[in-house]
1. 7 Å along Cα→Cβ for the label point: how many nanometres lie between residue A:267 and each equivalent label in the other copies, listed shortest first?
2. Can you tell me which of A:229, A:118, A:67 moves the most in a GNM of chain A? Springs connect C-alpha atoms under 10 Å apart.
3. Given the options A:155, A:187, A:212, state which has the largest fluctuation in a GNM of chain A using a 10 Å cut-off (strictly under) for Cα springs.
4. Using the Karplus curve 6.51 cos²θ - 1.76 cosθ + 1.60 with θ = phi - 60°, work out ³J(HN,Hα) for each residue of segment A:251-256 in order, rounded to whole Hz, and write x for Gly and Pro.
5. Considering only B:207, B:86, B:233, give the residue with the highest GNM mean-square fluctuation for chain B, with springs between Cα atoms whenever their separation is below 10 Å.
6. Rounded to the nearest 5, what % of DSSP beta bridges with both residues in the protein assembly as shown are antiparallel?
7. Would you mind telling me the antiparallel percentage of the DSSP bridges in segment A:3-271, rounded to 5?
8. Between rounded, prolate and oblate, where does segment B:1-136 land on the alpha carbon gyration tensor, with a ≥ b ≥ c its root eigenvalues, rounded for a/c under 1.5, else prolate if a/b exceeds b/c?
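Coordinate-derived values only; no laboratory data. Everything numeric in this text was worked out from a predicted model, so none of it was measured. Because the Cβ atoms are built from the backbone with ideal geometry, glycine has one as well, and the counts that use them run over all protein chains shown.
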There are 2 protein chains.
Amino acid sequence: MTFLDKLATAQQTNGSLLCVGLDPEPAKFPGQLKGDASRIYDFCARIVDATAGLVIAFKPQIAYFAAHRAEAQLEQLMEHMRRNAPGVPVILDAKRGDIGSTAEQYAIEAFERYGADAVTLSPFMGFDSVAPYLKHQGKGAFLLCRTSNPGGSDLQGQRLAGIEGQPFLYEHVARLAQGPWNLNGQLGLVVGATYPAEIERVRELAPTVPLLIPGVGAQGGDAVATVRAGWRPDAPIIVNSSRAIIYASSGDDFAEAAQKAARSTRDALEAAKP
Amino acid sequence: MTFLDKLATAQQTNGSLLCVGLDPEPAKFPGQLKGDASRIYDFCARIVDATAGLVIAFKPQIAYFAAHRAEAQLEQLMEHMRRNAPGVPVILDAKRGDIGSTAEQYAIEAFERYGADAVTLSPFMGFDSVAPYLKHQGKGAFLLCRTSNPGGSDLQGQRLAGIEGQPFLYEHVARLAQGPWNLNGQLGLVVGATYPAEIERVRELAPTVPLLIPGVGAQGGDAVATVRAGWRPDAPIIVNSSRAIIYASSGDDFAEAAQKAARSTRDALEAAKP
């Protein structure tokens, strides 16, 4: 089953556009887990078990594991998700951006070592920084397109003089991902939730690719506006929420609180479909 | 000692602009090491010991370690370099590109976990993807600017309509790194060796920052043209060669062959100084 098939099935089965982002920070862990980097797996596995029936995808952010020497725990977590939530695709958020044999190594890391269904990538080095991932049959790759951090406009918001209509750089990336770069049909785009008009613009330029949309919840994006801007019956969106779900409670009820937060976010997203 | 101080000292002491890139691929290992991912540390340590007196820096590429579950070996290698080559700065080639608390995690990974002196970064997400690294006192950060892979022009070679003179995107990045983004004075730029005219252009726009220049040797860049284009008495360049050095021999004499290749490349670079 390809990444996109798996995504469609999870969306259908769980009635959800919500992706739970797994950004484990031991300092924020609840109760007895607090500050204990050896419990990253335990914390994340509890969140996964509590929310697996409510999500379209999980998105572990590899930086949080790398900072704590927790690669083995990430492997264990990936295995846990395959076993306990086999219908939910896993997007490894790594934003890799390199070429040639180096990119091949990163693809091996993401797809073979960790067994991810998809990965996030930076397009700055051009198509050769994307191509090595497309050789992995059925695996997805999300290119950074329009991020809604304050500096997101520094490069992405520049207009390109040499292309007809002088599109923004992020619009150019959207077109490339929808068209010439999408060799295996498994490309997607990362578009921040803060400015729904930009999601709408990306959707216009890339009418069918999946959009991974971080920034709903703790980062302030509006769930309803996000769905209206990006979701189409034949074009999936994956709306990520990390902190608002996984740190919904700082007590021992954190998994139940995460479930409750995930359910209400999922329901809000579903209700926003036109 | 800051990264730049360490770089200046190594350049002086070793009379070298050469950086040896540590891209360990077990399939290419010589003799008895061939195919054995558990010998990544052994292979790299031998290269380090053979070339430490000939280089301005070492540059381990983290992807090769990550693909082989070799983070512990990378830690061991970093420790080995600090002990056996304390005067040589280490640039962790990771091309990270993320923001906020995620970027902070990557900075912890690079500077605290691995103890690198500098790291490579992608500027695609703008200044907030650079700022978290600058908080680490005295540590260096090299931004991808102009890469000489075939797809390097896809984004970097676009002219920006909204900026006076319609610079290329890579020229814009060069200006940002020389000026407004260079808060701690430790920023550098990554510029491929294939097109010396572009190195010269970047040096014009960024007259003092260090340039990390991959692509000499196996990737075909011309050492002499590279030095003439980028080196200035008060502006360092770090000319990286990986495969041409570390795989100079596929026999048991690989360390001696690496030393010989490093010496001749170093000498060629030195001789090219005007």
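1. Copy-to-copy label distances at residue A:267, shortest first: 7.7 nm.
2. Between A:229, A:118, A:67, it is A:67 that shows the largest mean-square fluctuation.
3. Of A:155, A:187, A:212, the most mobile in the Gaussian network model is A:155.
4. x, 5, 8, 4, 5, 5
5. B:233
6. Values: 5 of 59 bridges.
Around 10 percent antiparallel, to the nearest 5.
7. Working: 2 of 29 bridges.
The antiparallel proportion sits near 5 percent.
8. Oblate shape, in that a/c is at least 1.5 and b/c is the bigger or equal ratio.
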